[in-house]
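Each remark here refers to the structure printed beneath this line.
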Amino acid sequence: MAYIELKEVSKAFAGKSVVKDVSLEIERSTVTGIMGRSGSGKTTLLRMLSGLETPDYGEITIDGVKVFSSKEKINVAPEKRNVGMVFQEYALWPHMNAGQHIAFVLEAKKIPSKKRPALIKKYLALIRMEGRETSYPGQLSGGEKQRLALARALAQEPRILLLDEPFSSLDKELKEGFREEIKRVRETLETTILYVTHNSEDLEGLADNMARIEKGKIIMQGRL
Amino acid sequence: MSSRSWLKIIAITSFLILSVLPVAYMYVSSFNLSRYTWIFEDVRQQHMFETTMILGLGTALLCILLGVSIAVLLEYTDIPFKSCLSVLVIVSLLIPPYIMGISFLSFIGKNWVTSEIKEPNPEVASMVRRDRGITNSAMNAAALQNTLLNKTAVTMPPVQQKPWYIPYNIDPYNVQWAIVILSLALFPIVFLLTSFALRNIDERMIDAALLLRKPLGAIWRVSLPMVLPQILVGGLIVYIFAISELGVPSVMRVDTTTMEVFNHFTGFFDISQALALTVPLAFSIAVLILAAQLIIGKKPFFTVPSAAEGRVILKLGKAQKALGLGYIFAVIAVSSAMPLGILLYNSGLAVLPALEKAGDSILNSLFLSIFCSTLILVPSFFIAYFYKGVKWMDYLILAPLIAPSAALGIGMIGVWNNGYTAFVYGSFLVLAFGYLARFLPFTIKTLEPFMAQVPASVEESGRLAGASFTKTVSGILAPLLKPGLLTAWLIAFILCMRELDLSVMLTPPGFQTLPNRIFTLYHYGDIRTSSVLSLFLVAIVVVPYIAIVFMSNASKWHTSNSKK
Ligand SMILES: Nc1ncnc2c1ncn2[C@@H]1O[C@H](COP(=O)(O)OP(=O)(O)O)[C@@H](O)[C@H]1O
Ligand SMILES: [Mg+2]
């Protein structure tokens with residue numbers, strides 16, 4: 001059985017079908033890239049995996065446990081799924097500095113407060129932002145914001161890491177850097193990673209598997 | 001000079017002339033040091049000052065509790081009748097607080113005695129009457145308080161027995177109950193500011209927290225801290241209203257410094273003593289602003305507003321829904337339904353005769369309030385914009401609030417009935433200027449947190465694109481600040497519609513406002529007509545409020561669709 005399984009998952013907004021009968025199987029510790037045009041339903045798909053959006057139909061299983069089933073009326077709350085997500089525009093919290101972002105996650109994970117400072121250092125080092133604990137999002141550059149969003153997701157030690165268009169607003173150099181970042185995460189933490197993009201170049205050299213989504217339907221999937 | 005610098009100068013000068021000058025004029029022209037030292041030697045004064053502080057702080061805290069909790073319920077949960085409730089919740093702001101006090105007292109079966117506010121001494125009055133018409137205004141203001149209190153007393157049947165629904169004897173004549181009553185009247189201010197601010201949060205920021213915490217935790221730790229500046233501004237406005245309130249403390253028999261100020265004003269015509277008494281109150285406001293700044297800290301609250309979609313974040317169970325509904329209904333019942341019921345009872349539904357007698361005052365108030373609340377946005381916008389983060393400005397903005405409205409009124413007469421400016425005093429403009437003077441600090445403070453959320457880059461990108469400053473403002477800043485401007489407009493409109501103290505003092509010939517007419521009718525014993533008019537007042541403010549709630553819902557839908 002695959003690590004993540006989506007079975008005929010569908011979602012409509014106000015009668016307009018946005019994701020249609022999507023079925024996907026993703027193996028543990030792999031990197032999967034999902035490609036599709038803007039408006040094809042990529043973000044909605046990720047949000048349904050994380051539990052932020054409730055599908056209308058279908059079934060989602062993670063690590064053998066059903067987290068959603070329309071038939072059996074199962075819907076595990078997002079905070080219980082342990083899925084990390086890097087949002088498209090990062091969604092950092094403007095009133096918290098970098099250290100507080102990580103601390104918020106650690107606290108939610110019930111890590112005792114004595115252990116937190118060391119972990120905050122560790123995660124900031126992981127994204128090469130040592131010593132930036134007290135910087136607020138408003139004081140960070142675009143690339144730094146994205147790395148902080150990544151660190152926030154990683155500090156959660158998520159089973160699955162979802163990245164929504166991680167490359168779309170980065171220049172070539174930053175993009176290369178962030179690809180390396182993701183590869184490193186994958187090797188060191190063995191997280192299962194899913195990212196979406198509207199650019200086929202973003203798949204090469206990073207993804208093990210890919211899928212193509214068009215108008216809410218998966219029209220192609222395979223290994224790279 | 002560039003249009004930018006011109007605007008900056010115009011904004012600050014108009015603020016200084018409109019708001020600061022009349023108040024400064026009063027304090028400077030009546031300064032007398034011995035009056036200040038006296039306050040510190042008098043034990044009774046100190047006691048009253050303490051009571052006033054307790055009243056102000058207690059009311060601010062309770063309003064934050066009520067306003068924020070109801071805002072969260074209505075913005076984030078799937079509680080039924082949302083839009084209907086969010087309209088009902090603000091009604092209490094439009095009912096004069098003393099009516100609320102009186103209806104509460106009669107509800108629990110208490111009589112209330114006439115106030116102890118001093119009647120003007122006629123001999124002294126005629127002596128000073130020559131003094132620029134000031135005395136007349138002061139007499140009006142004193143008559144106002146006495147009438148409001150006495151006439152209402154007459155209309156309420158005396159109750160001697162404890163009603164069956166009150167389990168034990170309540171002693172309502174203390175500062176605690178005054179806090180409760182005032183909070184019920186003023187909490188919509190915090191509610192309005194908080195709910196408009198919550199609506200303005202990028203919903204993905206909440207999503208990011210929802211991955212880690214239960215909805216309540218996400219709201220508590222992420223949403224509320226993000227709107228903390230708006231919550232604190234709400235608390236501050238409430239505090240200022242609470243410490244300047246006369247009606248509730250007098251029906252609840254709580255002696256406050258503010259009543260003492262009024263007595264010195266209108267009973268003894270001792271203006272310099274009255275003003276000296278307001279200085280410690282002003283000081284307390286400054287201390288609170290400082291405290292708020294320390295709490296908020298230097299955090300750069302940069303987030304480009306991208307409206308949330310009114311999504312349900314917190315799903316309530318059946319029992320929770322019932323509990324939440326019960327809570328909001330209870331608040332609405334005691335804060336609006338009860339006093340409205342009394343107004344309705346007194347009105348005898350005599351709508352047409354009332355319109356015949358006072359239709360013009362309704363139009364006057366509507367015109368004046370729309371005029372002022374629209375005009376006030378211009379200086380508010382530019383002051384909030386140009387003086388973003390300028391510390392001394394934070395204090396200057398609140399300077400006009402230190403004087404009670406009666407003092408401001410007298411200052412207005414001094415400044416605007418003076419040679420070349422006399423044309424202002426003779427027309428409705430004097431009222432318009434008075435409202436601008438009184439409410440500018442509130443609208444500026446309301447806009448500030450919204451302004452702080454717009455990152456510099458948003459505006460810079462516009463300027464780099466070659467847009468002129470005015471174009472950048474009209475094309476980028478103003479649309480981005482629409483939620484803030486709407487909130488400020490609405491708050492100004494409500495405040496103008498319900499304003500009474502200044503109207504009484506500054507009424508130009510042939511231009512009576514609705515609250516003023518309500519008061520006059522009360523004065524001559526026409527309780528019926530004045531009750532009908534009070535109900536009209538409520539209705540008039542509820543309509544634009546509903547329109548704004550719907551408009552902001554519609555624009556949310558618009559942005560969410562165009563985004564994708
Ligand atoms: N909450 C929502 N309400 C209404 N329509 C939505 C909502 N979320 C997404 N949509 C619509 O669903 C479609 C797919 O959106 P999305 O998943 O964001 O696409 P992508 O991420 O591939 O660009 C779009 O047409 C969008 O307008
Ligand atoms: Mg998307």
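The values are calculated or read from the model by the stated rules, or taken from the named source; none is laboratory data. All of these numbers come straight from a predicted model, not from anything done at the bench. Cβ placement follows ideal geometry from the backbone for every residue including glycine, while neighbour counts extend to all protein chains displayed.
Output yes when any residue across segment A:18-31 is within 16 Å of ligand 2 (Cβ to nearest atom) and away from chain B (no Cβ under 11 Å), and no when none is. Give the steps one after another, and end with the answer.
So in segment A:18-31, the residues within 16 Å of ligand 2 (Cβ to nearest atom) come out as A:18-19, A:22.
Next, from what is left, pick out any that are away from chain B (no Cβ under 11 Å): A:19, A:22.
Scanning segment A:18-31, I find at least one residue that is within 16 Å of ligand 2 (Cβ to nearest atom) and away from chain B (no Cβ under 11 Å), so the answer is yes.
Restricting to segment B:212-228, name every residue that is within 9 Å of chain A (Cβ to nearest Cβ) and within 20 Å of residue B:451 (Cβ to Cβ).
Matches in segment B:212-228: B:225, B:226, B:228.
Being outside any loop (DSSP other than H, G, I, E, B) and within 14 Å of chain B (Cβ to nearest Cβ) narrows it down to one of A:43, A:61, so name that one. Reasoning before the result, please.
Values: A:61 fails: within 14 Å of chain B (Cβ to nearest Cβ).
Just a single option satisfies the conditions, and that option is A:43.
Tell me yes or no: at least one residue of segment B:308-323 is in a helix (DSSP H, G or I), modelled with pLDDT under 85 and within 27 Å of residue B:60 (Cβ to Cβ).
Within segment B:308-323, the subset in a helix (DSSP H, G or I) is B:318-323.
Of the ones still in play, those that are also modelled with pLDDT under 85 are none.
No, segment B:308-323 has no match at all.
Here are the criteria: (1) part of a strand (DSSP E or B); (2) in contact with a Leu (Cβ under 9 Å, 6 or more places away or on another chain); (3) more than 16 Å from ligand 2 (Cβ to nearest atom). Tell me which single one residue A:2 does not satisfy.
(1)
Considering only segment B:174-201, state which residues are of a type in the set (Val, Ile, Thr), under 19 Å from residue B:107 (Cβ atoms) and crowded, with 24+ Cβ neighbours inside 10 Å.
Kept after step one, since they are of a type in the set (Val, Ile, Thr), are these residues of segment B:174-201: B:175, B:179-181, B:189-190, B:194, B:201.
In the following step, the residues that additionally are under 19 Å from residue B:107 (Cβ atoms) were identified as B:179-181.
Across segment B:174-201, the qualifying residues are B:179, B:181.
With (1) away from ligand 2 (no atom under 14 Å from the Cβ); (2) closer than 28 Å to residue A:120 by Cα; (3) more than 9 Å from chain B (Cβ to nearest Cβ) as the list, and residue A:93 as the residue in question, which single condition is left unmet?
Residue A:93 satisfies every listed condition except (3).
Could you pull out the residue among A:146, A:156, A:139 that is closer than 25 Å to residue A:95 by Cα and without any contact (Cβ under 8 Å) to a residue 24 or more places away in the chain? Show your work before the answer.
Values: A:146 fails: without any contact (Cβ under 8 Å) to a residue 24 or more places away in the chain; A:156 fails: without any contact (Cβ under 8 Å) to a residue 24 or more places away in the chain.
The unique qualifying residue is A:139.
Of the residues A:69, A:40, which single one is within 16 Å of ligand 1 (Cβ to nearest atom), over 17 Å from the mean Cα position of the chain (by Cα) and over 24 Å from residue B:222 (Cα atoms)?
Details: A:69 fails: within 16 Å of ligand 1 (Cβ to nearest atom).
None of the others qualify; the one that does is A:40.
Please go through segment A:46-58 and pick out each residue that is within 12 Å of chain B (Cβ to nearest Cβ) and either within 20 Å of residue A:197 (Cβ to Cβ) or in contact with a His (Cβ under 7 Å, 6 or more places away or on another chain) (or both). Before you say what the answer is, go through the steps one by one.
Taking segment A:46-58 and keeping what is within 12 Å of chain B (Cβ to nearest Cβ), we get A:46-47, A:49-54.
Within segment A:46-58, A:46, A:47, A:49, A:50, A:52, A:53 qualify.
Applying the selection to segment B:502-514, what residues are surrounded by fewer than 24 Cβ atoms within 10 Å (Cβ to Cβ) and not β-branched (Val, Ile, Thr)?
Pass one, segment B:502-514, residues surrounded by fewer than 24 Cβ atoms within 10 Å (Cβ to Cβ): B:507-512.
Of everything in segment B:502-514, those that are surrounded by fewer than 24 Cβ atoms within 10 Å (Cβ to Cβ) and not β-branched (Val, Ile, Thr) turn out to be B:508, B:509, B:510, B:511, B:512.
Could you tell me which of the residues A:82, A:75 is surrounded by fewer than 22 Cβ atoms within 10 Å (Cβ to Cβ), touching a Pro at 6+ places or on another chain (Cβ under 8 Å) and within 14 Å of chain B (Cβ to nearest Cβ)? Break it down stepwise before answering.
Numbers: A:75 fails: touching a Pro at 6+ places or on another chain (Cβ under 8 Å).
Testing whether each residue is surrounded by fewer than 22 Cβ atoms within 10 Å (Cβ to Cβ), touching a Pro at 6+ places or on another chain (Cβ under 8 Å) and within 14 Å of chain B (Cβ to nearest Cβ) leaves just A:82.
Which one of these is closer than 27 Å to residue A:34 by Cα, part of a helix (DSSP H, G or I) and away from ligand 1 (no atom under 16 Å from the Cβ): A:106, A:150, A:161?
On the way: A:106 fails: closer than 27 Å to residue A:34 by Cα; A:161 fails: part of a helix (DSSP H, G or I).
Only one candidate passes the filter, namely A:150.
In this structure, is residue A:119 without any contact (Cβ under 8 Å) to a residue 60 or more places away in the chain, in contact with a helix residue (DSSP H, G or I) (Cβ under 7 Å, 6 or more places away or on another chain), away from chain B (no Cβ under 14 Å) and under 25 Å from residue B:454 (Cβ atoms)?
Details: without any contact (Cβ under 8 Å) to a residue 60 or more places away in the chain: yes; in contact with a helix residue (DSSP H, G or I) (Cβ under 7 Å, 6 or more places away or on another chain): yes; away from chain B (no Cβ under 14 Å): yes; under 25 Å from residue B:454 (Cβ atoms): no.
Answer is no for this residue.
Could you identify the single residue in A:23, A:29 that is in a loop (DSSP other than H, G, I, E, B), more than 13 Å from ligand 1 (Cβ to nearest atom) and among the hydroxyl-bearing types (Ser, Thr, Tyr)? Outline the logic, then answer.
Values: A:23 fails: in a loop (DSSP other than H, G, I, E, B).
Of the residues listed, the single one that is in a loop (DSSP other than H, G, I, E, B), more than 13 Å from ligand 1 (Cβ to nearest atom) and among the hydroxyl-bearing types (Ser, Thr, Tyr) is A:29.
Return the only residue of B:18, B:61, B:33 being modelled with pLDDT of 90 or more and either in the same structural domain as residue B:439 (by TED's automatic domain parsing) or among the hydrophobic types (A, V, I, L, M, F, W, C) (or both).
Result of the check over B:18, B:61, B:33: B:61.
Could you identify the single residue in A:216, A:222 that is more than 16 Å from the chain's Cα centre (by Cα), surrounded by 19 or more Cβ atoms within 10 Å (Cβ to Cβ), modelled with pLDDT of 85 or more and not charged (D, E, K, R)? If you could, list the steps in order and put the result at the bottom.
On the way: A:222 fails: surrounded by 19 or more Cβ atoms within 10 Å (Cβ to Cβ).
Step by step, each of A:216, A:222 is checked, and only A:216 is more than 16 Å from the chain's Cα centre (by Cα), surrounded by 19 or more Cβ atoms within 10 Å (Cβ to Cβ), modelled with pLDDT of 85 or more and not charged (D, E, K, R).
Every residue, every condition in (1) within 14 Å of chain B (Cβ to nearest Cβ); (2) away from ligand 2 (no atom under 16 Å from the Cβ); (3) of a type in the set (Lys, Arg), yes or no:
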| residue | (1), (2), (3) |
| --- | --- |
| A:157 | yes, yes, no |
| A:164 | yes, no, no |
| A:180 | no, yes, no |
| A:183 | no, yes, yes |
| A:213 | no, no, no |
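Could you tell me whether residue B:242 is over 13 Å from residue B:68 (Cα atoms), of a type outside the set (D, E, K, R) and within 14 Å of another protein chain (Cβ to nearest Cβ)?
Numbers: over 13 Å from residue B:68 (Cα atoms): yes; of a type outside the set (D, E, K, R): yes; within 14 Å of another protein chain (Cβ to nearest Cβ): no.
Judged against the criteria, residue B:242 is not a match.
State all residues of segment A:185-198 that are within 18 Å of residue A:86 (Cα to Cα) and either more than 15 Å from ligand 2 (Cβ to nearest atom) or surrounded by fewer than 20 Cβ atoms within 10 Å (Cβ to Cβ) (or both); if no residue qualifies, say none. Before the answer, list the steps.
So in segment A:185-198, the residues within 18 Å of residue A:86 (Cα to Cα) come out as A:185-186, A:189-198.
The answer is A:185, A:186, A:189, A:190, A:191, A:192, A:193, A:198.
Tell me which residues, restricted to segment B:187-211, are outside any helix (DSSP H, G or I) and within 9 Å of chain A (Cβ to nearest Cβ). Let's see the steps before the verdict.
Of segment B:187-211, the ones outside any helix (DSSP H, G or I) are B:200-202, B:211.
B:202, B:211 - these are the residues of segment B:187-211 that are outside any helix (DSSP H, G or I) and within 9 Å of chain A (Cβ to nearest Cβ).
Could you check, for segment A:70-86, whether at least one of its residues is within 16 Å of ligand 2 (Cβ to nearest atom) and either within 18 Å of residue B:210 (Cβ to Cβ) or in contact with an Asp or Glu (Cβ under 9 Å, 6 or more places away or on another chain) (or both)? If you could, list the steps in order and put the result at the bottom.
Narrowing segment A:70-86 to residues within 16 Å of ligand 2 (Cβ to nearest atom): A:85-86.
With the extra rule that they be either within 18 Å of residue B:210 (Cβ to Cβ) or in contact with an Asp or Glu (Cβ under 9 Å, 6 or more places away or on another chain) (or both), the set shrinks to A:85-86.
Within segment A:70-86 (the criterion being within 16 Å of ligand 2 (Cβ to nearest atom) and either within 18 Å of residue B:210 (Cβ to Cβ) or in contact with an Asp or Glu (Cβ under 9 Å, 6 or more places away or on another chain) (or both)), the answer is yes, since at least one residue qualifies.
Report yes if residue B:118 is out of contact with any helix residue (DSSP H, G or I) (no Cβ under 8 Å at 6 or more places or on another chain), modelled with pLDDT under 80, within 27 Å of residue B:181 (Cα to Cα) and part of a loop (DSSP other than H, G, I, E, B), otherwise no.
Details: out of contact with any helix residue (DSSP H, G or I) (no Cβ under 8 Å at 6 or more places or on another chain): no; modelled with pLDDT under 80: yes; within 27 Å of residue B:181 (Cα to Cα): yes; part of a loop (DSSP other than H, G, I, E, B): yes.
No, not satisfied.
Filter the helices (runs of 4 or more DSSP H) completely within segment B:474-548 down to those with at least 2 residues that are in contact with a Lys or Arg (Cβ under 7 Å, 6 or more places away or on another chain) and not β-branched (Val, Ile, Thr). Talk me through it step by step, then tell me what you get.
On the way: elements: B:482-498, B:501-506, B:514-523.
Hits in segment B:474-548: B:514-523.
Find the residue count for segment A:123-146, including only residues that are in a helix (DSSP H, G or I) and farther than 16 Å from residue A:100 by Cβ.
Of segment A:123-146, the ones in a helix (DSSP H, G or I) are A:123-126, A:137-139, A:142-146.
Subset that is farther than 16 Å from residue A:100 by Cβ: A:125-126, A:142-143, A:146.
Qualifying residue count, segment A:123-146: 5.
Taking residue A:89 as the residue in question, decide whether it is surrounded by fewer than 22 Cβ atoms within 10 Å (Cβ to Cβ) and within 16 Å of ligand 1 (Cβ to nearest atom). Working first, answer last.
Working: surrounded by fewer than 22 Cβ atoms within 10 Å (Cβ to Cβ): yes; within 16 Å of ligand 1 (Cβ to nearest atom): yes.
In short, yes.
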